[in-house]
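Student: Before I ask anything, let me first share the structure, which is written out below as structure tokens.
Each value in this text was obtained by applying a stated rule to the coordinates, not by laboratory testing. Bear in mind the structure is a predicted one, so any value in this text is a computation, not a measurement. For neighbour counting, all protein chains shown are included, and Cβ atoms are generated from backbone atoms with ideal geometry for every residue, glycine included.
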Amino acid sequence: MARRKIARPVLITAAIVLVAAGLAYAFWPRATMVDLGTVTRGEMRVTVDEQGRTRVRDVFVVSTPIDGRLLRVEAMPGDPVTRNVTIVARMRPASPAALDLRTREQALAAVDAAGAALRVAEANLEEVRADADLARSDLERTEHLADSGTASPAALDRAQSADRVAQARLATATAAIEQRRAELHSARAKLIDFDDAELSGAAEPQPDTVLPIRAPTDGVILQVIHQDETTLGAGAPILLVGDTGNGLEVVVDLFSPDAILVEAGDPVLIENWGGDGTLTGRVTRVEPFGQTKVSALGVEEQRVTVVVELTSPPKDRPRLGHGFAVEARIVVWQAEDALRVPSSGLFRDGDAWSVFVVADGAARLRRIEAGHDNGRHSEVLDGLSEGEVVVLYPPASLADGAPVQQRVVVAQ
């Protein structure tokens with residue numbers, strides 16, 4: 001009986017201890033599983049990334065110099081050309097155009113008028129020539145009389161003046177003859193037609209008359225606009241020529257807030273252009289005029305054009321041509337030895353940036369001063385030291401002083 005009385009209190013006490021231990025274990029604060037990152041020093045840059053396209057800086061349009069028949073263009077896109085040497089196209093001058101009835105009647109009337117004007121000029125020339133002969137005879141008689149003292153000096157002066165006036169009128173009438181003949185030839189030229197065998201046979205170019213068109217610059221043929229033989233008017237474009245080696249540049253359309261950060265002279269990294277490695281460039285111009293463009297989702301966006309000069313040598317981009325798509329990363333800020341922390345560790349605490357620093361297994365809240373941020377790292381200006389460990393993606397339930405433990409990632 002004594003043993004039973006002693007055993008019951010012991011059992012009750014043991015049960016109470018076990019229950020208390022279980023409750024303590026259940027409600028004891030456990031370490032929060034988190035991802036950790038380290039504050040490091042190294043190179044850091046902030047870039048504005050956007051898709052761009054290549055273009056030849058100076059594109060030359062080869063056009064027809066006269067109206068005529070363009071022969072088939074044998075040149076193909078990509079063919080190299082030399083300035084004033086390579087013949088890129090050939091053409092024949094056009095035949096005279098056919099005249100409609102009204103135009104032909106007007107041309108015939110113009111020929112008749114020009115012929116009549118010529119005959120009037122010829123008659124006037126005869127009249128003026130007769131006056132000039134008479135004036136010359138009067139002058140010769142007056143000179144003889146003046147020598148003998150019969151004619152006065154005044155009479156001699158009048159005779160000389162009349163002779164000069166007559167000679168001037170004779171020269172004018174002769175020039176008028178040439179002018180009227182030229183007008184007659186011009187009027188007759190307007191009558192040249194396919195049906196005028198005598199006129200068109202003399203004026204029509206010979207079948208073997210071919211006008212060569214040479215390349216205006218060194219480079220390659222970018223595009224052939226008219227390949228087949230056809231009739232074109234003067235100034236019609238035939239093909240495009242440009243230098244894809246030294247004359248290639250990149251055009252990037254940036255959002256206007258991003259364009260504010262870019263300045264002429266900023267370095268540029270060209271990636272995903274289709275070849276190996278990364279090409280380099282330099283911003284040469286930020287255009288001051290923004291344009292409204294509609295995105296693929298139908299959203300209106302204000303875009304600003306930025307022009308980038310490629311500084312990589314042509315041998316590093318042998319097949320990059322005009323109108324190719326590239327990825328441009330414009331460096332707006334960079335530092336060789338910056339103190340940096342993973343951007344995923346920062347969060348706003350009031351009006352300041354803060355992080356959780358892990359020390360002795362606990363997370364300690366600390367306010368810091370952050371600088372530039374490139375999406376992966378944030379520049380630390382004050383509040384952290386190299387080598388310190390911070391919590392990445394801190395949960396909202398994490399409090400100052402709470403125990404933390406690094407999450408173990410199991411490889412799949």
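Student: Let me check the size of segment 101-203 from its C-alpha atoms; what are the radius of gyration and Dmax in Å?
Tutor: Both quantities, over Cα of segment 101-203: 22.1, 72 Å.
Student: Show me the helices of the chain, taken as full DSSP H stretches, that run 27 Å or more along their long axis by Cα and average 0.5 or above in Kyte-Doolittle hydropathy. It would help to have the intermediate numbers written out before the result.
Tutor: On the way: long enough: 2-27 (38 Å, 1.28); 101-148 (71 Å, -0.34); 153-189 (55 Å, -0.43).
The answer, listed by residue number, is 2-27.
Student: Distance in nm between label sites at LEU134 and LEU36, each 7 Å beyond Cα in the beta-carbon direction?
Tutor: Output for this residue pair reads 12.9 nm.
Student: Could you work out the Kirkwood radius for the chain, taking every pair of different alpha carbons, averaging 1/r and inverting it, reported in Å?
Tutor: Details: mean 1/r = 0.0306 Å⁻¹.
Mean inverse Cα-Cα distance, inverted, gives 32.7 Å.
Student: Let me ask something additional. If I stretch the segment between ASP157 and THR278 completely, what's the gain in nm (0.36 nm per residue apart, minus their alpha carbon distance), one decimal? Don't jump to the answer; show the numbers that get you there.
Tutor: Values: separation 121, 0.36 × 121 = 43.56 nm, distance 9.46 nm.
Between ASP157 and THR278, full extension yields an extra 34.1 nm.
Student: Pick out which of GLY233, GLY290, GLY401 has the largest mean-square fluctuation in a Gaussian network model of the chain, springs linking Cα atoms closer than 10 Å.
Tutor: Among GLY233, GLY290, GLY401, the largest mean-square fluctuation in the Gaussian network model of the chain belongs to GLY401.
Student: Hey, another quick one. Using only Cα atoms, locate the centre of segment 222-288 and the centre of segment 37-108, then give the distance between them in Å, rounded to an integer.
Tutor: Result: 14 Å between the Cα centres.
Student: Please list, in order along segment 49-60, the HN-Hα scalar couplings obtained from phi with the Karplus expression 6.51 cos²θ - 1.76 cosθ + 1.60 (θ = phi - 60°), rounded to whole Hz, x for Gly and Pro.
Tutor: 9, 7, 7, x, 9, 8, 7, 7, 4, 10, 9, 9
Student: Still on this structure, I have one more. Return a whole-number percent for the relative contact order of segment 101-203, with Cα pairs under 8 Å and 6 or more residues apart as the contact set. Walk me through the numbers before you get to the answer.
Tutor: Details: 68 pairs, mean separation 44.4, N = 103.
About 43 percent, as a whole number.
Student: A further question on this structure: What's the magnitude of the charge dipole for the chain around its Cα centre, counting Lys and Arg as +1 and Asp and Glu as -1 at the beta-carbon? Answer in Debye, nearest 20.
Tutor: On the way: 44 positive and 59 negative charges, 661 e Å.
Approximately 3180 debye in magnitude.
Student: Explain nothing, just the number: dipole magnitude of segment 46-114 about its Cα centre with +1 on each Lys and Arg Cβ and -1 on each Asp and Glu Cβ, in debye rounded to the nearest 20.
Tutor: Working: 10 positive and 9 negative charges, 43 e Å.
Charge dipole, segment 46-114, about its Cα centre: 200 debye, nearest 20.
Student: Same structure, new question: Using θ = phi - 60° and the Karplus form 6.51 cos²θ - 1.76 cosθ + 1.60, what ³J(HN,Hα) does each residue of segment 252-268 get, whole Hz, x for Gly and Pro?
Tutor: 10, 9, 9, 4, 4, x, 6, 5, 4, 7, 8, 10, 4, x, 5, x, 9
Student: Additional query: Report, by chain and number, residues whose modeled amide H sits under 5 Å from the one on ILE225, excluding near sequence neighbours (fewer than 5 apart, same chain).
Tutor: Excluding prolines and chain starts, which carry no amide H, the hits are LEU239, LEU240.
Student: Here's something else I'd like to know. For every other residue with a beta carbon closer than 10 angstrom to the beta carbon of ASP382, add +1 if it is Lys or Arg and -1 if Asp or Glu, then tell me the sum.
Tutor: Details: positive: ARG367; negative: GLU369.
Around ASP382, the surrounding residues sum to 0.
Student: Amide H of ALA151 versus every other amide H placed in the peptide plane: which residues, excluding those fewer than 5 positions away on the same chain, fall under 5 Å?
Tutor: So ALA151 has HN proximity to ALA146.
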